[in-house]
Amino acid sequence: MANKIQMVDLKGQYLKIKDEVDAGIQNVIDNTAFINGPIVKDFAQHLSEYMGGCHVTPCANGTDALQIALMALELKPGDEVIVPAFTYVASAEVIGLLGLTPVMVDVDYDTFNVTVDNIKKALSPKTKAIIPVHLFGQSCDMEPILNFAKEHNLYVIEDNAQAIGAEYTFSDGHKAKTGTMGAIGCTSFFPSKNLGCYGDGGAIFTNDDALAERIHMIANHGQRVKYHHAVIGCNSRLDSIQAAVLDVKLRHLDEYCKARYEAASYYTKHLKAFDPEEKFFITPKELPNSTHVYHQYTLKIKNGKRDELKNFLAEQGVPSMIYYPLPLQEQEAFKPITRAGESLDKSRECAYSVLSLPIHTEMTEEVQDTVVNSIKKFFA
């Protein structure tokens, strides 16, 4: 390959929207409203419209979004929050940070996502909330989770950091964007995300007016009125330059998701043709009631060959990543504070077999052929 293969091609994406992005950033510099400038409010409004009309509170990053969401629910130390063991650390980290108890549950091996069956096993009198994580780009099966939460008076906080733009279809046919179905939804605008800025950023979603007001206060030092602090809060803002970038990229989000889906479909077609009986690896499975926006394209490598394949691909100039190499229940930080709601065998199995291939909006078939052929060469 003439050009180095990348996991994510942010430069190529930027060059296609350069004029729009540069104009947006220059406008912020010209008006010098670097914090809470008008573009932040404009972006929040545009994102709200995209998400179906929910309240949107921009914040500094996805981890802050999760923390502020939990703070808004006024949970007490010792209260339990159910969270999948196979996910990025932030989903559980904020639970421990606030003195709450993370209760780890397993995930569905096919989709990497938590299911209502996993959640049921973890229920206790102390359970107050559930954090379903829409991992790698598709929704958890939310309808049964929401019904279970309603039955047991539990809050649902969606971790939508990896699936913004995805859509879930309920049994009655109505559709909802991921991040808008629970009491609160959270997302991250980390640069590599499907909707990513050029620094850090995040947002919090809710359809509840009272929660929206509380979330907004907490993100702004607990203030309704400047210098009058009604609750303990934090300082978590999306700056104007990042909002300007995101406002441009939001207009392209659906095409970005489509490009990723097409790249994923190309991988699956050619990898399945090589290994139709899944002797060597398992390609991603898609839920019938969720679209998939493929933040990651993640294989499960069989027979303990994952690390060998990763090293071989690197020798061929093909990058790959392991998301995530150690399940949360085995992380040192969580051992003293967590309990397992069930056996976590599938989370462990995922952690020791997953391998994510390059996927982004600028993928070409030439690049994908190189990736696929390198995998074929390893297993031949």
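The values are calculated or read from the model by the stated rules, or taken from the named source; none is laboratory data. Remember, it's a predicted structure, so these values are computed and weren't measured experimentally. In this analysis, Cβ positions are derived from the backbone assuming ideal geometry, glycine residues included, and neighbour counts consider all displayed protein chains.
When 17, 39 are screened for being surrounded by 15 or more Cβ atoms within 10 Å (Cβ to Cβ) and under 24 Å from residue 360 (Cα atoms), only 17 passes. The C-beta contact set for region 285-300 (first residue closer than 11 Å to residue 137 by Cβ and in contact (Cβ under 8 Å) with a residue 40 or more places away in the chain, second residue of a type in the set (Lys, Arg) and in a loop (DSSP other than H, G, I, E, B), distance under 7 angstrom, 6+ apart or interchain) comprises 295/193. Scanning region 121-146 for residues that are closer than 24 Å to residue 171 by Cα, touching a residue at least 60 places away in the same chain (Cβ under 8 Å) and touching a strand residue (DSSP E or B) at 6+ places or on another chain (Cβ under 6 Å) gives 131, 136, 137, 138, 139. Whenever a residue of region 97-112 is surrounded by fewer than 20 Cβ atoms within 10 Å (Cβ to Cβ), its partners that are of a type in the set (A, V, I, L, M), lying with C-beta atoms within less than 6 angstrom and at least six residues away or across chains, give the pairs 98/70. Do we find that residue 149 is touching a residue at least 60 places away in the same chain (Cβ under 8 Å) and farther than 22 Å from residue 196 by Cα in this structure? Criteria not met by residue 149. With the structure loaded, tell me whether residue 316 is more than 30 Å from residue 50 (Cα to Cα) and not assigned by TED's automatic domain parsing to the domain that holds residue 81 or whether it fails that test. Yes: the conditions hold for residue 316. In region 234-257, of all residues being assigned to a loop (DSSP other than H, G, I, E, B) and surrounded by fewer than 20 Cβ atoms within 10 Å (Cβ to Cβ), the one that is farthest from the chain's Cα centre (by Cα) corresponds to 234. Take residue 27 and tell me if it is part of a helix (DSSP H, G or I) and surrounded by fewer than 19 Cβ atoms within 10 Å (Cβ to Cβ). So residue 27 passes the test.
For the criterion of being assigned by TED's automatic domain parsing to the domain that holds residue 130, modelled with pLDDT of 95 or more, crowded, with 21+ Cβ neighbours inside 10 Å and not in a helix (DSSP H, G or I), residue 83 passes. Of all residues in region 320-347, those being farther than 21 Å from residue 275 by Cβ and assigned to a loop (DSSP other than H, G, I, E, B) number 17.
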